[in-house]
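Have a look at the structure below, then the notes.
The values are calculated or read from the model by the stated rules, or taken from the named source; none is laboratory data. Because the structure is predicted, anything quoted here is derived from the model rather than measured. Just so you know, the surface numbers come from the protein's heavy atoms only, side chains and all, with ligands and any DNA or RNA stripped out. Shrake-Rupley method; radii C 1.70, N 1.55, O 1.52, S 1.80 Å.
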Amino acid sequence: MILPIYLYGSQVLRAAAEESDLADREGLKKLIDDMIETMHHADGCGLAAPQVGVSRRILVVDGTDLTDRYPELAGFHREMINPAFTFESEDTASYEEGCLSIPNVDAEIRRPARIKVRYVHPETFEEVEEEFGGFAARMIQHEMDHLDGVLFVDRAAPIRRKMLTGKLMNISRGNVHTRYRVKTDKK
Ligand code: NI
C-alpha cells in the first residue's frame with residue numbers, strides 16, 4: 001500500500017522515533033513492504049518510518065536506480081529495524097543529498113565516509129552488524145538522521161540554509177508540487 005509522505009514542517013519528522021516492538025513481526029513486515037512500495041512509487045532511494053507518519057526506528061534504502069552514478073550500488077538495498085551506529089569514521093565525504101519530505105531541494109552534506117551499523121534483519125529477525133562506505137553509507141546515515149528527528153538541511157552550510165529558507169517555508173505550507181501523495185500537519 002502506498003502511503004502519503006509527510007513534508008518538512010510536520011511534527012513527526014522532528015520527533016525521536018521509538019524502538020520497534022520486535023514481537024509484532026507481521027506488523028513490521030507489512031510496514032516495511034508499504035515503505036518500500038511508497039519509496040519506489042516516489043522514485044526515492046531511501047525512506048524512514050517517520051516520513052510515513054510512523055515514529056518507529058525503521059528505514060529502507062535502495063540504490064539500484066543510482067547505478068549510473070554509483071556502479072557499486074548494483075543490487076544494493078537494505079531494510080533495517082532498530083539500527084544503531086557501532087562505528088563512524090573520522091574521515092568524511094561530501095555528497096549532494098535530497099529527501100522525499102523536502103521536494104526539489106538539495107544540498108552538499110559532509111558526513112563520516114564509513115560506518116558500521118547494527119540492526120535487526122526483517123526476515124530473520126536476527127541482529128546483524130555490517131560496514132558501509134561510499135554512497136551506501138551516505139543513504140543509511142541520511143535515513144538514520146530521520147529516526148532522531150534530524151533533516152539533511154539542518155546539516156547544510158549556513159549560507160545554503162539561508163538560501164533555502166523561502167523554499168522550506170513553502171514546503172511546510174504544502175505549497176510544493178510532487179508526483180506522489182504528501183501530507184502536512186495542516187492538510
Ligand atoms: Ni530524507
- Query: Which value, in Å², gives the accessible area per residue of the chain when a 1.4 Å probe is used on the protein heavy atoms?
  - Reply: 51
- For the chain, the convex hull over Cα atoms projects on average to an area in nm² of 10.3
- Here region 108-122 yields Karplus 3J(HN,Hα) values (6.51, -1.76, 1.60; θ = phi - 60°; whole Hz; Gly and Pro given as x) of 6, 10, 9, 8, x, 6, 9, 9, 10, 10, 10, 8, 9, 7, x
- Task: Enter the Cα centre distance for the pair region 43-96 and region 109-129, rounded to the nearest angstrom.
- Result: 9
- Query: So what are the ³J(HN,Hα) numbers for region 125-138, from phi and the Karplus equation (6.51, -1.76, 1.60; θ = phi - 60°), rounded to whole Hz, Gly and Pro as x?
  - Reply: 6, 9, 7, 10, 10, 9, 9, 10, x, x, 6, 4, 4, 5
- Query: Summing -39500 (n - 2.57) over the DSSP H runs of n ≥ 4 in the chain and dividing by its residue number, what mean residue ellipticity at 222 nm do you reach, to the nearest 500 deg cm²/dmol?
  - Reply: -8000 deg cm²/dmol
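Ignoring ligands, DNA and RNA, what percent of the 1.4 Å accessible area of the chain is carbon and sulfur?
48
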- Message: Pairs on different chains or at least eight residues apart, Cα atoms closer than 25 Å: how many lysine pairs in the chain fit?
- Response: 8
- Task: For Asn175 and Ala84, calculate 0.36 nm times their separation in residues minus their Cα-Cα distance, and state this gained length in nm to one decimal.
- Result: 29.3 nm
- Query: Taking the convex hull of the alpha carbon atoms in region 26-127, what volume per residue do you get, in Å³?
  - Reply: 116
